[in-house]
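The values are calculated or read from the model by the stated rules, or taken from the named source; none is laboratory data. If you're wondering where the values come from, they're calculated on a predicted model, not measured in any experiment. Cβ sites come from the backbone with ideal geometry, for glycine too, and all protein chains shown count toward neighbours.
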Amino acid sequence: MKYSGISDELLFVDIISEDNHYKPGLRSEGEMTILWGIKDNSKLLVDGVEVTLKSGQIIFLTEFHKLFLPEVGLIRMIKFNRSFYCIIDHDHEVSCKGILFFGSYQVPVITLPEKEFEKFEILWKMLNIEMESKDNLQLQMLQMMLKRFIILCTRLYKEQNHLSGFHKLHLDIVREFNYLVELHFREKHTVSEYAELLNKSPKTLSNLFSQVAGNSPLQLIQDRIALEAKRLLYYTAKTIKEIAYETGFEDIQTFSRFFKNKEGISPKEYRMKLKAITAEKRPDDSLVKEPLLTE
């Protein structure tokens, strides 16, 4: 089911199954997708990395993720754009750059506890019922339901990732850092550059990340650069030299050293290896219906 608003608001609510096997491909600008596993075990390829979506698990993808669905059990899907739920006027934790949607080098996953199933089932049913409404209150109702869904998921994510005990201000700094990396990773490669944007010292960021994130700020920057390089190696025909320049390196030698240190193989070897693996897992395009997800 699809909702379209007069200001380009878009919301899709649907079921993905073996009989209704969409091929999402690339994400659209400003697009967020929530996938909720109903049956074991769906296989997703997120940026070329296989992810198993089990029954009761929910995964959150941003516009930056590249997604294919080689094997589908049964998946509930909610997809919306920033015009539908941009969330600038909402609490940052449940915004489009909040805890679940702040970047592309992480794929947040939650597992629904048994005690929470009824809440989510009721909300899913109500969301589907409201999609059939045609009055002038429909947009507000759908936005309220989506926000409630995101709030419930955010609570579970914080609990399951041991974030509930941290001060909200500290989580906001980490979240904002991640969002700034998403915007500037091509030209800014050092912690000090992001510390300046946040009006914090590099040491303050390092101390904060050691408590909250588990990774250092520099690791997160480098992970994002490496992810973009891997995407360009797989999804484009650009030369390694072009990819080096596009990810902010002045020469191909520096880029190749960086990539090999991160991935253990050269960019050329990675391109060949990943394409061979993905070719085995991707379904025959002739058997795949045109995707609702890319409408």
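Give me the residue from the stretch 68-94 that is of a type in the set (A, V, I, L, M) and either more than 15 Å from the chain's Cα centre (by Cα) or crowded, with 22+ Cβ neighbours inside 10 Å (or both) and, out of that set, modelled with the lowest pLDDT. Within the stretch 68-94, the match that is modelled with the lowest pLDDT is Ile88.
Provide a single number: the residues in the stretch 230-260 that are touching a Ser or Thr at 6+ places or on another chain (Cβ under 9 Å), surrounded by 15 or more Cβ atoms within 10 Å (Cβ to Cβ) and within 15 Å of Met272 (Cβ to Cβ). Matching residues across the stretch 230-260 total 6.
Would you say Arg186 is among the basic types (Lys, Arg) and either touching a Lys or Arg at 6+ places or on another chain (Cβ under 7 Å) or at pLDDT below 80 (or both)?
Spelling it out, it is not the case that Arg186 is among the basic types (Lys, Arg) and either touching a Lys or Arg at 6+ places or on another chain (Cβ under 7 Å) or at pLDDT below 80 (or both).
Looking only at residues of the stretch 111-163 that are touching a Gly at 6+ places or on another chain (Cβ under 8 Å) and in a helix (DSSP H, G or I), we find that the one that is surrounded by the fewest Cβ atoms within 10 Å (Cβ to Cβ) is Phe117. State which residue is modelled with the lowest pLDDT when the search covers only the stretch 212-244 and only residues that are more than 23 Å from the chain's Cα centre (by Cα) and of a type outside the set (Val, Ile, Thr). Residue satisfying both the conditions and the ranking: Ala237.
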